[in-house]
Amino acid sequence: MANCSAASAASSTGPLFQTLTGLQHLAQTPRFKAWFLDQFGVLHDGKQPYPGAISTLEKLATTGAKMVIISNSSRRASATIKRMTSLGFDPSLFAGAITSGELTHQYLQRRDDAWFAALGRSCIHMTWSDRGAISLEGLGLQVVENVEEADFILAHGTEALGLPSGAVRPMNLEGLEKILEHCATKRIPMVVANPDFVTVEARALSIMPGTLAAKYEKLGGEVKWMGKPDKIIYESAMGMVSVDASDSIAVGDSLHHDIKGANAAGIQSAFITGGIHATELGLDTFGEVADLSSVQALASKYDAYPTFVLPSFTW
């Protein structure tokens, strides 16, 4: 059985959280009709599923829970489901997926939001070295290299600069940041299709587009953050499965993105300590239990307070 004792180390600086050894207790709580699951750092490490993740999903499904992948990935939702399938996850277990990349695509395509309606059609495209223009289909955008010709910056990745041909030019962070410095002088807005700063890739941390966006804001640039911690992505997930915030729980490994976003959306949350914050919490092995005072200190640092804390996404 799970250990449901309140964290004794919690102080008056933030709400109490409950520590659990597994999800069984929460899964048997009828009030959670919808589970919004982060993928990297919770379900898999980018290369393979975490131990017990697949069987935990299967057990959770038997409770009738609606499970939605909610991710800051710059990939479209369909690509995310396809990737999960390739990693060994059964796609029928999920009600769907909502990603930052999907939201970005929808807003750029519809243009029914005033901010997006004001954007032009030419963009500087920062992307991944193996992606190219894959997320631009149907948007009617013109990718340009010259900042003077750009209406906005679209950040899908941190490894390359998109070219008008649809190909890419590999570029390091320093090179991309130099372009941002030029863009800032022209007051060109940025749309970031993945607000994560870093992500877990087989126990290592990889730099993500949110790092570029944070740099751009420091340069005085305007950034539209399309994903966690903005509540826009949680509201989309709730709409997808027709539930209210009171019926939902978000599970994630990033205090700044997953937990802070859940706080903003009024959703209860479960913080997985073995993901992106593992090193900060002094954790070396999968399933290792974090020191409660360390978790509380980290929550206070990020001003993000989980309802529950677990070492991993296991039953």
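Values as computed for the structure displayed
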read-out: Listed residue pairs exceeding 18 Å between alpha carbons, taken from K59/K231; K47/K82; K231/K260; value: K59/K231
read-out: Anchor K178: lysines whose Cα lies under 16 Å away (excluding residues fewer than 8 positions away in-chain); value: K186, K215, K218
read-out: Rg to Rh quotient for the chain, alpha carbon positions, Kirkwood Rh; value: 0.98
read-out: Extension gain, T85 back to H182 (0.36 nm per residue minus Cα-Cα distance, nm); value: 30.8 nm
read-out: Alpha carbon Rg of the range 119-225, scaled by the compact-globule rule 2.2 N^0.38 Å; value: 0.98
read-out: Ranked Y302, Y107, criterion: other C-beta atoms within 10 Å, fewest first; value: Y302, Y107
read-out: Selection from V192, A160, I179, by position along the positive dipole direction of the range 119-225 (Cβ); value: V192
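Every number here is computed from the coordinates shown, using simple stated rules; none is lab data. As the structure is a prediction and not an experimental result, all values here were calculated from the model. When we count neighbours, we look across all protein chains shown, and the Cβ atoms used for this are built from the backbone with ideal geometry, even at glycine.
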